[in-house]
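Structure, as C-alpha cells:
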Amino acid sequence: HVSADLAAEAAAALEQAGRRALAREAYAVARRLFARAAGLEATLERRYLAARAAWGMTDIPTVSVEMLDVSEAAHAAGDSRIEVRALTALARVALFRDGDNASARELATRALGVVEPDDDVGRFDVLEVLGTICWWEGDLDEVERLATERLPIAERIARPDLQSGVL
C-alpha cells in the first residue's frame, strides 16, 4: 500500500510528464500518464487532461464518454474552467462525429453561458465552435461577428497562430 503523500507526489510528477507529452502532441503517452496520475490521485483536471489526450488520438468514443463525466463533475464542483472545456469538446464531438449542429450549438451555448470573463482560452474555443457551426450553415454574417469577437482574444493571449486563423 502506498502512502497518500507518496501517491500525491507521484501523481503530480506523472501529470507534469503528461503535460509535456501533450505539448509535444505525444497523445498516447500523455493519455497513459494522465490516466496513471488520476489512478493515484483523481482530480478533475487530470480526468479532463486524459480525455483531452484521447481527443488528440482521435478516440472520439472515449472523449464523448469521459468529457460528459468531466462536464457533469465540473458543474457539480463549480469549476467553470473545466466545465467550459468539457462542454466545448462535447460540442466538437456532436459537430464532427455526429454532424448534429443543433446539439453542438446547444452544448456550445451552455459553455458560453458558464465561461468566466477572464477565461480567454475557454471563450475563444467555444466561439470557434460556434463559428464553425455558422460556417457550415452558411450564416456568414454571424461567422464574421464571431471572428471579430475572437480576434482580440487571440491577441490578448499572444497566439499569432490563432490570430492568423481568425483573419
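Just a few scattered comments:
- Helical mean residue ellipticity (222 nm; -39500 (n - 2.57) per DSSP H run of 4+; nearest 500) of the chain: -27000 deg cm²/dmol
- Binned Cα-Cα distances of the chain, short to long, each 5 Å bin given as a whole percent: 2, 10, 16, 18, 20, 17, 10, 4, 3, 1, 1, 0, 0
- Cβ-placed point charges (K, R +1; D, E -1), dipole of the range 1-120 about Cα centre in debye, nearest 20: 480 debye
- Surface per residue (accessible, 1.4 Å probe) for the chain, Å²: 53 Å²
- The order of the peptides 152-158, 107-113 by mean Cβ neighbours within 10 Å, most packed first, is 107-113, 152-158.
- N101-E41 pseudo-label distance in nm [points 7 Å out on the Cα-to-Cβ vector]: 4.6 nm
- C-alpha long axis of helix 80-96 to longest principal axis of the chain, angle in °: 60 degrees
- Contour minus Cα-Cα distance for W136 and Q163 (0.36 nm per residue): 7.6 nm
- Centroid-to-centroid separation of the range 7-74 and the range 123-137 [C-alpha atoms, Å]: 25 Å
- Accessible surface of the chain, 1.4 Å probe, proportion on carbon and sulfur as whole %: 53 percent
The values are calculated or read from the model by the stated rules, or taken from the named source; none is laboratory data. Remember, predicted model here, so these are calculated numbers, not experimental data. All Cβ positions, glycine included, derive from the backbone under ideal geometry; neighbour counts span all protein chains shown. Heads up: the accessible areas ignore ligands, DNA and RNA and are worked out on the full protein's heavy atoms, side chains in. Shrake-Rupley method; radii C 1.70, N 1.55, O 1.52, S 1.80 Å.
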